[in-house]
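Asker: Starting off with a structure, shown below.
Only the coordinates and a few stated rules stand behind these numbers; no lab work does. Computed from a prediction, not measured in an experiment: that's the story for all the values here. Quick reminder, even Gly has a Cβ in these numbers, built from the backbone with ideal geometry, and neighbours come from all protein chains shown.
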Amino acid sequence: MTVYSIAVSPAIELLRPENLGPLLVLYVGPDQILPLTSLLGAIVGILLIFWRYVVGLAGKVWQVLFRR
């Protein structure tokens, strides 16, 4: 029986199970993203509810900062 040795690139070497430990910490899946998108949606929703007031306040601040 003959066993052949095949050269493996360093990138594929990183994908071996014993080398995946540090990479698992960087995993971001739907269970981490969905609460963040829900929070972002709530913030945007509140901003849109009070959009008139936000635009009015921004206009007043702009006038105060750039008076002639």
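Asker: Which whole-Hz couplings ³J(HN,Hα) result when phi for each residue of region 41-46 is put into the Karplus expression 6.51 cos²θ - 1.76 cosθ + 1.60, θ = phi - 60°, listed in order with x for Gly and Pro?
Answerer: Running phi through 6.51 cos²θ - 1.76 cosθ + 1.60 with θ = phi - 60° gives x, 5, 5, 5, x, 5 Hz.
Asker: Turning to a different aspect of this structure: For the residues 46, 12, what sequence is obtained by ranking on other C-beta atoms within 10 Å, fewest first?
Answerer: Ordered by Cβ neighbours within 10 Å, fewest first: 12, 46.
Asker: Want the number for residue 26 to residue 66: 0.36 nm per residue separation, take away the alpha-carbon distance, what's left?
Answerer: Length gained, residue 26 through residue 66: 9.9 nm.
Asker: May I pose another question? Please state, rounded to one decimal and in Å, the Kirkwood hydrodynamic radius that region 10-65 gives when every pair of distinct Cα atoms enters the mean of 1/r.
Answerer: 15.5 Å
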